[in-house]
Each structure stands twice: as C-alpha cells, then as structure tokens.
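Nothing in this text is a laboratory measurement; each read-out follows from the coordinates by a stated rule. Only a predicted model underlies this, so the values are computations on that prediction, with no experimental measurement involved. Using ideal geometry, Cβ is built from the backbone for each residue, glycine included, and neighbour counts are taken over all protein chains shown.
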Amino acid sequence: MASGTRVPVAKTYKIYIDGKFPRTESGRYFTLENADAEVLANICRGSRKDFRNAVVAARNAFAGWSVASAYLRGQILYRIAEMLEGRADQFVTELILQGESKRRAQREVEASIDRLIYYAGWSDKYQQIFSSVNPVASSHFNFSVLEPTGVVSVLAPDESGLLGLVSNIAPIIVGGNTCVVLASEQLPLCAVSFAEVLHASDVPGGVVNILTGYREELTEQFASHMDVNAVVYCDGDPDDTKGIQELAADNIKRVIDRVDTDWDDEAAQNPYLIKQTQETKTTWHPIGS
Amino acid sequence: MVKESSKLAFNDGWQYAPAPESTDHFEVDNQYGLFIGGDFIEPANGRYFETINPATEETLSSVALASATDVDRAVKAARKAYNGPWSKMSAADRGKYIFRIARILQERAREFAAIESLDGGKPIRESRDIDVPLSAAHFFYYAGWADKLEYAFPGRKSRSLGVAGQVIPWNFPLLMASWKIAPALACGNTVVLKPAETTPLTAMKLAEVIRDAGLPPGVVNIVTGAGETGAAIVNHPDVDKIAFTGSTEVGRLIQRAIAGTGKKYTLELGGKAANIIFADAAIDQAVEGIVNGIFFNQGHVCCAGSRLFVQESVAEEVVQKLKDRMETLIVGDPLDKNTDIGAINSATQLETIESYLRLGQEEGAEMHQSGCSVPDRGYWCRPTIFTGVSQSNRIVQEEIFGPVLAIQTFRTLEEGLSKANNTPYGLSGGIWTDKGAKIFKMTQSVRAGVIWANTFNKFDPTSPFGGYKESGVGREGGMHGLDAYVRLEV
C-alpha cells in the first residue's frame, strides 16, 4: 500500500433489536444506491420474524422504562442529543451520500439534535400539563395522570431519514413507551447510525428497536401484531392508511396518523404528540377517618 | 373458620314490606316516533318495535325502527343545525341551553328514575340515586365548559368537529346518553344518537327535555333501532365523529368500518376488572366493595369487578363473608326501594349469562348462588360466585356482563398484580388495603383506566372514564372528555 492512500473501512449496516446489532434473521438484503447508481451499502431486508423478536424486546423493556423516573428519561434524551451532536459529521456525510446538499444535510442534523433537546425538556412537564385533580361531588380524592400506552410500532417517514425518525421516536420514548421502528426504505443509513447513537446514550436495550426493510412487506405486521398497543404511520395513500386502520382494530390499537407532516416545521414538535401515546388513568380513594 | 353466629340473617324475623315506587305520576306513550329536526316523526318505512319491562315481560311502549333513510334524515337535520344556528351561537349561549337540560332533568328526576327501572330492570335505588342525578350533573358540568374551552388546550385553539354519531348501550341508558350528548354539545357539535333497542324510553323522554329546553331543531336527533340502525350511523359519510359504548366485539367492527374515512372516534368497550383484596384490608368494607363491584346493576357494568383476587391468608374468611352477605341481597321488583338486584335486561342477556354459568361448571369451577327467591315472570339471575377457577377459564377471561364473580387467590403482591394484568382488557380495577404505599404501588401497576382504591364503581362527571388496551380508545368525563369532540389547531 502506498503511503497516504489508506483503504477506508466501510460500515456494515445492521438492524437494532434489544440493544444488539444483529443482521436480519432472514439473511436477506437490499442494495442502496445513490443517484448515479453506485452502491452505497447492503441494507438488511428485515423480516416479520425480526419484527416479532423486536416486539418481544420492546415488551420486556417496557416494564423498566415505563417506570423510570421522568428526570432520568429526560437526561437520557438529552444524552442522545449529546451523542448525536458529537457525531454530527457522520450523519451529514450519510445524508449527502443519500443525495442531500451539504447545507440541507447540516440543517437536518441540527434540527434533529434540537428536537431531542426539546423533548428531553418535556419529560417531567407534560404530565403536569395534562394531569388533573378532579373535584368529584362525593367524598373521594380523585386524580387523573398519564401513563404510557405500551409498545408502539412506527412506520417512520420515508422522505425524512433522520429528522422524521427522531421526531417520531422522541415523543414516544420520552413518555415511557417502547417502540419498534421501520426506517425509511429510501433513506435508511441515518436510521442505523442513529441506533448506534442510542446505544451509546444509556437508552436501555429494547426501548428503541430499529429495523430496515421493505415497507410493503412489513406494514401489515406493524399494524396487526396483537402485542403492539399503538401504530404510527407517516406515509401512504388513502388505501394504505385504510388497510393499517383496519388491521389495527384487531386489538383496538391506537392509530396515529402523521401523514403530510412537515418535519422541518416548528409545528412538528409539541406535547400533544407525546399525549398521543399516553393513557389517562383516574384513581379514586375515599376521604375519611 | 368463621363462627356461625357471625352470619347476617336479615330475612329471619325481619321481613321487608313491599315499598314500590309509584308509576302514576308520569305517562309513557304507547308509541314513540323518531326525534329528528326537533319533532317526533314517523319512521319512513312505518315500522315500530316493542320495548318490554324485563321484570314482568309486559310491553311498555313501541318505538320506531329507524332505517338508513331515517338516519340520513337525522344526519341532514344535524348538519343543517350545525351549519345554521349552533355554530353561529355564542359559546356562552350554547352553554345556557345545556344548563337548561340539566335543570329540567333534575325537575323530572323521579319520572326518569321510574322509567329507567321499568324499561331496563335496574333497581329504583340505583336509577334514583345514581343514573338520573349523575346524568343531570353531567349536563351541568359540560354546560360550563362551553365558553371555557380555550383553557382546556394550552397552546392550541379548539374547533368543533361537526356531526357526532353516537351509539349507546342498555346498561345505563340515560347516563350514557348524557355522557355522549353533553360534551358533544359543549364543544359545538350536533348529534345523532341511537339508544339501545331494549332501553329506548328514557332517551325518548330526554328528547322531550331537549325540545322543552328550546334547543334549535336538529342540534340533537335521537333515532331508535337495533344494530342496523347503529351501522347506518357509523357508515354515514356525513358523520364526522363516532362515539360508541358497548362490547369490544362491536367496537372492533366499528374501528374497521370507519378505517380510511377520517372519522374521529372514541370507543368505550368491555372489561374484566380485577378487584384485589389484600390481607391487611378492612375486610368487611372490602366485602361490601366486592358486592358493589359485581352485583351493582345486575353486573351489567363494563367496569364491573368481575375477577376477584383475594390474598390467600384471608381467602376463606372473605369468601365466607361474601357468601353470607349474598344471602341478604334482595333480588326482585326493580321498582321496590328495598331491591338490591333487579331484572336481567333481556331474555338474550339472560341466555348469555346462563350459558356462562354452565360453561363455568363444565370447566371444573365450583359454583355458588345465593338462596334467594326470584319472581316467576321476568328475567332473573341469582348472585353467583365461582371458586376453583384458573387463569385460562373462559369465565375468567371473557366479559359475562351479569352478576357472576370468578374468585382466585394470590400470595404476594407481584403474583396478584401479574394475575390481575393477565387480560386483554384494561378498563378498571379495585385495590383493598389499609397500607398507603401498597395502594400507590398497585394503582400505578394495574393497567387500567380507572382504579378504585378502597372503593368501587364510583362515577362523577369531572372524572375521566375509559380503558387501556382492548377496553377502548379515549376518555369520557372530565376535562379529558373534551378531547373527543374537538380538533386542535395552532
């Protein structure tokens, strides 16, 4: 090897389940190319079995994450932002590889970091906004608090590989839910790298699971799995969304429609998005001696 | 062992004289049309069906069978009222109309209570003390929200949705109508509501109240009928929101039916609540809580405490005391003020319950029923408990919707919790212990929307109600109940 011309080490893009980076159990892949038809990477073509494994991991992780203190969850989200900031160049490079201009790539990474900070700050406040003490007429103390809905499946936006992904994951996990996410099919690189950021940020294994693969093949599972409590989708024509909503009815899943969201807009971040994957629990206790 | 002398024996030497509520102070018409556009009108196809008193099997009245044509008329009337006076009216005036409904309901409370018991079979004590006053309170509560919605949604503006289609069950006919109509109107929507086919009368009486309160025609429309009428509401293209209370099975069908339509929806579905008794509970109070949890309203309660979990060390005592207490429960004439348990709502529901009683025994559980007498005519079920059941028994997993309790035991808090949460439902739960820390541990860990600690089956208009998991989507009651009837804008 001539001095000064080092052979770079290319990254293997893998999926993220239960805090580990396996290849898809199916052994399948698809090839990601840039606009000039040059191969960027072989991407795992995740299977239904991968999804089921991820749901098991998410359900197991829910027990701990849902009762982690709000303060801790806030700090962990902040830590994710810190890690992303430190690796910003890597994400900018990946976005450029996938066809973004440098300026837009930088902006997307910065917006993603800022979005994490935004939700980190909400971790111990949304409850206060949305909870209530209810003045019942009988002699009882009665209050309503929010609790996480459970395991959430997310079909992440196809057009926004990083910001769209982060904008969906953050409000779900800051509220104590766990999730299984299908990354953008067109723009999957940042999703895999973001899993590495999560892995370095004290996010317990299984809280966020990220799969890559074909949307057409996996959507049905994301919508119909009986141990998933809510499904989020961000793309699709009316027929696609109708299909998701029909399948979700099997176990009365909460169906969250984020189609046509401009992820770059300020309106794409607000506490009502946290509330979408929260349940209201009301507790009664008699007042007396 | 519990001593023999501790048994309650209300029927020995103490007889209750009949104390029936009078029925001569109000009138039930022989026939009711559909309440559409402010008038009672004939159904398009001229068809009617009878509603009976389940305690006597006598016909009370007949009500219109609304077809899809009638539902379309109702939706058109609701749309016209929405585009017309209702959305143009000031929010404060909208609230005043809703206040009026509350006041008239209070004035006519005795009549409503009696009709509710006649048509549905529930004891007059419950319709008089719970259903009717809570209905009036619900209208009164939401009336006040009408001009204060800006305070309910920080950082957002709320907008009404349009026409709300609402389908309600037969267990709390007037109360469910109130839960549905009051928040819908307060948020500026108009309504098409269908009461259950076995209990239409108080809804028709409520239509009279709404007319007398002077609401603009078409703001509330009430159409009677069975499943097909409900389906016509759910599938109507000009309905913006569906609110349904009923079984999880039908809830699933509705969620599927409106997929892709963009209709907003709330579903308040079935339940199989755990009522958990710890050894350190006040046992006598807990026994009262068990009785209230499962025998209130004949067990026709989605949030009924139908799975009892008793800590092993007190299980024998609790079950014995429960059996003793069951012997004192009076099953009979719903109009009698002494009655604890009224009539099963319909022959169909009685068949369902009895099939579960057979099933429970076939599955190997031990059945015990109170020894009370029941009237010869009408639909009745004695208070029933099953012991020796396992987690997988169908009487433990499925909603029976009758006065039937499945009893299990547990040793540790963790075991009780994991058994309690082993259900696809998540509507309600009960905890009985004198230890505060344990209450909070349990109330936090039971996955259900309403938790009663050292009490059970309490309701209030300010208190949000609704389920986790397959018990439904959304909340009714309280500030949280407003969400279902608005869309938020920046």
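List every residue whose amide H lies under 5 Å from the amide H of residue B:60, counting only residues 5 or more places away in sequence or on a different chain, with H placed 1.01 Å from N in the peptide plane.
Placed amide hydrogens put B:51, B:52, B:53 under 5 Å from residue B:60.
Please work out the ratio of the alpha-carbon Rg of segment B:271-453 to 2.2 N^0.38 Å and round it to two decimals. Present the calculation step by step, with values, prior to reporting the outcome.
Values: Rg = 15.5 Å, N = 183, 2.2 N^0.38 = 15.9 Å.
The value comes to 0.98.
Trypsin sites (Lys or Arg not before Pro) within segment B:302-378: which are DSSP loop residues with at most 14 other Cβ atoms inside 10 Å?
Hits after loop and neighbour filter: B:337, B:377.
How large is the dipole of segment A:90-229 about the Cα centre if only Lys and Arg carry +1 and Asp and Glu carry -1, each at its Cβ, rounded to the nearest 20 debye? Mind dumping the intermediate values first?
Values: 7 positive and 16 negative charges, 93 e Å.
The dipole magnitude comes to about 440 debye.
Which distance in Å, rounded to a whole number, links the C-alpha centroids of segment B:392-414 and segment B:438-490?
Here the two parts' Cα centres lie 22 Å apart.
With the Cα gyration tensor of chain B giving a ≥ b ≥ c as the square roots of its eigenvalues, does the rule (a/c under 1.5 for rounded; else a/b larger than b/c for prolate; else oblate) give rounded, prolate or oblate?
Taking the square roots of the gyration eigenvalues as a ≥ b ≥ c, chain B is prolate.
For the protein assembly as shown, what are Rg and Dmax over the alpha carbons, in angstrom?
28.1, 110
Within 10 Å of each candidate Cβ there may be at most 13 other Cβ atoms; applying that plus a DSSP loop requirement, which chymotrypsin sites (Phe, Trp or Tyr not before Pro) in segment B:421-479 survive?
Filter output for segment B:421-479: empty list.
Choose one answer from A:188, A:171, A:22: the residue with the largest mean-square fluctuation in a GNM of chain A with alpha-carbon springs under 10 Å.
A:22
Which ordering of B:372, A:190, B:302 is given by a fewest-first count of other beta-carbon atoms within 10 Å?
Listed from fewest to most nearby Cβ atoms, that is B:372, B:302, A:190.
When chain A is treated as a GNM, springs tying every alpha-carbon pair under 10 Å, which of A:248, A:120, A:200 comes out with the largest mean-square fluctuation?
Sorting by GNM fluctuation, first place goes to A:200.
Where in chain B are the DSSP H helices whose C-alpha atoms run 15 Å or more along the long axis and whose mean Kyte hydropathy is at least 1.0?
Membrane-span-like by this rule: B:173-186.
Where does each of A:281, B:194 land when they are ranked from fewest to most other beta-carbon atoms within 10 angstrom?
Ordered by Cβ neighbours within 10 Å, fewest first: A:281, B:194.
Among the lysines, which fall within straight-line cross-link reach of residue B:441, defined as a Cα-Cα distance under 18 Å, with same-chain neighbours fewer than 8 residues apart omitted?
Hits, sequence-local ones excluded: A:281, B:419.
Along the charge dipole of chain B, Cβ charges K/R +1 and D/E -1, which of B:293, B:490, B:120 sits furthest on the positive end?
Looking along the dipole axis, the top candidate is B:490.
What is the gain in length, in nm to one decimal, between residue A:239 and residue A:199 on full extension, counting 0.36 nm per residue of separation less the C-alpha to C-alpha distance? Each step should come with its number before you reach the end.
Working: separation 40, 0.36 × 40 = 14.40 nm, distance 3.61 nm.
Taking 0.36 nm per residue and subtracting the Cα distance, the gain is 10.8 nm.
Treating the beta-carbon of each Lys and Arg as +1 and of each Asp and Glu as -1, no other charges, what is the dipole magnitude of segment B:271-453 about its Cα centre, to the nearest 20 debye?
So the magnitude is around 500 debye.
Long-range amide H contacts for residue A:181: which residues qualify at under 5 Å (H placed 1.01 Å from N, peptide plane, sequence gap of 5 or more or a different chain)?
Correct list: A:154, A:209, A:210, A:211.
Given charges of +1 on the Cβ of Lys and Arg and -1 on the Cβ of Asp and Glu, with all other atoms neutral, how large is the dipole of the protein assembly as shown about its Cα centre, in debye to the nearest 20?
1360 debye
Go through segment A:62-68 residue by residue and turn each phi into a ³J(HN,Hα) via Karplus (6.51, -1.76, 1.60, θ = phi - 60°); whole Hz please, and just put x for glycine and proline.
After applying 6.51 cos²θ - 1.76 cosθ + 1.60, I find 4, 4, x, 5, 5, 10, 4 Hz.
Provide the per-residue ³J(HN,Hα) series for segment B:302-311, in order, calculated from phi with Karplus coefficients 6.51, -1.76, 1.60 and θ = phi - 60°, each as a whole number of Hz, with x at glycine and proline positions.
5, 9, 4, x, 8, 10, 9, 10, 10, 4
Mind sorting A:151, A:145, A:7, A:255 by how few other Cβ atoms lie within 10 Å of their own Cβ, fewest first?
A:7, A:145, A:255, A:151
How many angstrom separate the Cα center of segment B:86-119 from the Cα center of segment A:223-289?
Between the Cα centres of segment B:86-119 and segment A:223-289 lies a distance of 34 Å.
Taking chain A as the reference, fit the longest principal axis to its C-alpha atoms, fit the long axis of helix A:189-199 to the helix C-alpha atoms, and give the angle between the two in degrees, 0 to 90, nearest 10.
50 degrees
I want to check the label-to-label distance for residue B:247 and residue A:85. Put each point 7 Å from Cα in the C-beta direction and report it in nm to one decimal.
A separation of 5.7 nm, rounded to one decimal place.
Hey, if you put +1 on the Cβ of every Lys and Arg and -1 on every Asp and Glu Cβ in chain A, which of A:162, A:234, A:287 ends up farthest toward the positive end of that dipole?
Checked the options; the winner is A:287.
By how many nm would the segment from residue B:157 to residue B:211 lengthen if fully extended, with 0.36 nm per residue of separation less the alpha-carbon distance?
Between residue B:157 and residue B:211, full extension yields 16.4 nm more.
Whose amide H sits under 5 Å from the amide H of residue A:143, counting only residues 5 or more places off or on another chain, with H placed in the peptide plane?
So residue A:143 has HN proximity to A:134, A:283.
In peptide A:226-238, how many Cβ atoms from other protein chains are near each Cβ within 10 Å, on average?
1
For chain B, what is the mean residue ellipticity at 222 nm derived from helices alone (per DSSP H run of n ≥ 4: -39500 (n - 2.57); sum divided by total residues; nearest 500 deg cm²/dmol)? Before the final figure, lay out the partial values.
Values: 14 runs with 169 residues, N = 490.
Helix contribution divided over all residues of chain B: -10500 deg cm²/dmol.
On a C-alpha basis, how far is the centre of segment B:304-344 from the centre of segment A:5-25 in Å? Whole number, if you could?
The distance from the Cα centre of segment B:304-344 to that of segment A:5-25 comes to 62 Å.
Classify segment B:41-133: rounded, prolate or oblate, from the alpha-carbon gyration tensor (a ≥ b ≥ c, eigenvalue square roots; a/c under 1.5 rounded; otherwise prolate if a/b is larger than b/c)?
oblate
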